[in-house]
Structure formats: C-alpha cells, structure tokens
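Below: one structure, written as structure tokens.
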Amino acid sequence: MKYLVTGAAGFIGACVIERLCLQGHMVIGIDNINDYYDVNLKDARLKRAEHASFQFIKMDLADREAMAALFVEHQFDRVVHLGAQAGVRYSIENPMAYADSNLIGHLNVLEGCRNTKVKHLIYASSSSVYGLNNKVPFSTSDSVDHPISLYAATKKSNELMAHSYSHLYNMPTTGLRFFTVYGPWGRPDMAPFIFTKKILAGETIDINNNGDMWRDFTYIDDIVEGVIRIADVVPARDDKWTVEEGTPASSSAPYSVYNIGHGSPINLMEFIKAIETELGIEAKKNFRGMQAGDVYQTYADTQDLFAATGYKPQVGVAEGVAKLVSWYKEFYNI
C-alpha cells in the first residue's frame, strides 16, 4: 500500500515510517521541520528512517495548496496523520501555532483524504482530551468536554472534525489518544528526556505537584505496534448505532477512537527513580506545585484497542528507561 505519514521527523512518525517500510509499503513522509525543539534530532530521525520505499517532502500542514496537490499527485491508500504542534505548556505561550498546525493542518488532511478517497485515515489525538476527568482509568466512553489546555482543545476538535467527515463522506477515520510516549529518539520537551539530560549534567530537575503525579508511560515500540495494527482495522458504518445507546468512541459513521497506552500508571517519583538507577546518579530535585495545564493522573483503559487488534504493551518501565538512557548516551556521545 501507499501511505502518507505526517510528522515524519517526529518521535512517533519516524518510527512508524521505519516499520511501514520494513513491511514493504511505499511511504511518503512530510514535516515542516520547525524549531520547536532541536532540528538536529529531527534530521537524525529522518536519516534513521531512510529506506528505498520512503520519500521525504518538506511541507507545512497549513499550506492548503501544497497539501491538496500532494494528495492528488500520490493517491494514498492510507494516511497516518501524526503531524501537529505538540506540548501542553507551549500552547499557553504560543496559541496561534496550534491553530495553524492542529486545526488548519488537520482540516487540510481531511480535505485531501476526502477528495482522493483515502481508504483509512489514522490520526493522533491525545490523553490530554480527558482534561478535568477524575474517573480512572480513562475510557473512550467518558466525557471529554472539559479540556484544560488549548493543545487538548485542538485534539478534541480533531476528533469532532474527523467525525463530521466520516459522517458526511463515508470516510473511515480512527483517532488514537496517545498516553505519555517515551523511549529512544524521544521528544526533548517531555519529562523522560528532560530528566535524563539534567541528571547527567548535574542540573536540578523540577518535580511538579511535589512528585504526587501519575502517568501512563508507554514505550515507543508498543505505540508503533498499536498504530500499525489499527491501520488494518478499518471502521465501518453501523446504522444501528445511536447517540443515546452508543459510545462516543464509535458512530453510525465509519469512525472510531481508541486509547493507546500501557494501561498501568506509574508514580512520577518511581519513574525518576528508574532513571537514577539506570544512570547511577541521584538527581538534584526541586519540588514545586502543579503547573498550568497539567493533570494529576493519566491512566488508559485500552480494552477496546486490545479487542480490535490484539495489541498489548510488552515493555515495562525498567526496560524502557534502560533503552532510553542507552540511546541518549550513544546519541549525545556521553
């Protein structure tokens, strides 16, 4: 098959491309290579993903004409839309970047899929959509109407936009709510990377809510496995579905939403301890209060995804942190 993967230089995108190429698919990857974080890391990810069946095109999701032309030229079978402006705190400081990439960019992808009759659109949502929800584990049947950051609001909007296209044009779409992805080649703006970097440098790490936080840390290989498998599970119409009796994660339209996470939250201090143990260094710690846009706990109910794909995470925190630290030392020559 021929795939488009957006966010090709991103953490998840580059790893998904590598797997798709190994499976024999043709892949076009796009990314605008912005400087939200280290461009050298993005370039290195793309180099790692190099394959005879992979072509990279530098392109901005918000460029309507270029995106439309891309879809017409390549006639993709499937689209894995992972490109977005990420980051909860950054959305508080730079909201317009999220409107351009996450709203206009997402609309351009939807339009491209509609106009060229793409067989399945798989796109990135986020666990952030659960917002003020305190019920755990987070289920796709829960309300997600109270986001606490603009980033989360754009991801909820992506799900709503996808549903409207699924309904209007019978276009199969699947949203994936990612839960705290970490591992080799990870994002420098996320806690696992930041903690590893600062502890090695002898710098103080900031620990939010005095360490009383829980995250459903999910190793990158488990995430990629879930993405690859769900691509083959194409949603179908269900004319018997109703709003009153159905789950928000499905529809009468060919539309699905799944959580994709480990399904077992880890206390933040336990995760930090795993990094300290692997490095053989005790971190200098600055305990502080909860930060704007943060949530106390994330915890994925992944039963629906398991039922659909047989996907079940394999990598625990000790193993995942060991691989992250090993990669970090090698990549940065430490």
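If R0 equals 35 Å, the separation of the Cβ atoms of Lys284 and Ile57 corresponds to a calculated FRET efficiency of about 0.20.
Taking only protein heavy atoms into account and a 1.4 Å probe, give the accessible area per residue of segment 1-65 in Å². Walk me through the intermediate numbers first.
Values: 2980 Å² over 65 residues.
Spelled out: the 1.4 Å probe surface of segment 1-65, per residue, equals 46 Å².
How high is the relative contact order of the chain, given as a whole-number percent (alpha carbon pairs under 8 Å, six or more residues apart)?
Details: 664 pairs, mean separation 59.6, N = 334.
Here the relative contact order equals 18 percent.
Looking at segment 152-298, the DSSP beta bridges with both ends there are about 15 percent antiparallel. Kirkwood radius for segment 95-237, taken over all pairs of different Cα atoms as the inverse mean of 1/r, rounds to 17.2 Å. Pairs of Lys residues in segment 175-329 are counted when their Cα atoms are under 27 angstrom apart and they lie 8 or more places apart or on different chains; the count is 20.
Rounded to two decimals, what ratio of Rg to Rh does the chain give with C-alpha atoms and a Kirkwood Rh? Can you show the working numbers first?
Details: Rg = 19.2 Å, Rh = 20.2 Å.
On the Cα set of the chain, Rg over Rh gives 0.95.
Applying 1/(1 + (r/R0)^6) with R0 = 41 Å to the Cβ-Cβ distance of Gln23 and Ile148 gives a FRET efficiency near 0.60.
Evaluated with a Cβ-only charge set (Lys, Arg +1; Asp, Glu -1), segment 1-109 carries a dipole of roughly 340 debye about its Cα centre, given to the nearest 20. Straight Cα distances below 24 angstrom link Lys2 to the lysines Lys42, Lys47, Lys58, Lys117, Lys119, with same-chain residues fewer than 8 positions distant left out.
Maximal additional length on extending the Asn267-Lys312 stretch stands at 14.1 nm, based on 0.36 nm per residue less the C-alpha distance. Charge dipole of the chain (Cα centre as origin; +1 on each Lys and Arg Cβ, -1 on each Asp and Glu Cβ, all else neutral): 300 debye, rounded to the nearest 20. With a Förster radius of 22 Å applied to the C-beta separation of Asp189 and Ala69, the computed FRET efficiency comes to 0.10. Counting DSSP beta bridges with both partners in the chain, what percentage is antiparallel, nearest 5? So the antiparallel bridges in the chain amount to around 5 percent. Centre-to-centre, using Cα atoms only, segment 16-54 and segment 137-157 are separated by 29 Å. Measuring with a 1.4 angstrom probe and ignoring ligands and nucleic acids, Trp214 comes out at about 80 Å² accessible. Calculated on the alpha-carbon coordinates, the convex hull of segment 117-198 measures out at 131 cubic angstrom per residue. Projecting the Cα atoms of Val234, Ala49, Leu200 onto the dipole axis of the chain, where Lys and Arg carry +1 and Asp and Glu carry -1 at the beta carbon, places Ala49 farthest toward the positive end.
A straight chain from Lys47 to Gln291 at 0.36 nm per residue would run longer than the Cα-Cα distance by 84.3 nm. Between Thr277 and Ile104, the simple spin-label model (points 7 angstrom out along Cα→Cβ) gives 4.8 nm.
Bridgeable aspartates and glutamates around Lys135 (alpha carbons under 19 Å apart, same-chain partners fewer than 8 residues away excluded): Asp145, Asp212, Asp216, Asp294, Asp301, Asp304. For Met290, the residues 5 or more places off, or on other chains, whose built amide H falls under 5 Å of its own are Asn209. Secondary-structure-derived ellipticity at 222 nm for the chain, considering helices only, amounts to -12000 deg cm²/dmol, per-run term -39500 (n - 2.57) for DSSP H runs with n ≥ 4. Val234 contributes an accessible area of around 60 Å² to the protein surface, as traced by a 1.4 Å probe with all chains present. If you take all other residues with their beta carbon under 9 Å from the beta carbon of Phe11, and give Lys and Arg +1 and Asp and Glu -1, the sum is +2.
Shape class for segment 1-87, computed from the alpha carbon gyration tensor (a ≥ b ≥ c): oblate, with a/c not under 1.5 and a/b at or below b/c.
The values are calculated or read from the model by the stated rules, or taken from the named source; none is laboratory data. What you see is a predicted model; the values in this text were computed from it and never measured. Don't worry about glycine lacking a Cβ; one is built from the backbone with ideal geometry, like all the others, and counts go over all protein chains shown. Keep in mind that these areas ignore ligands, DNA and RNA; they rest on the heavy atoms of the full protein, side chains included. Shrake-Rupley method; radii C 1.70, N 1.55, O 1.52, S 1.80 Å.
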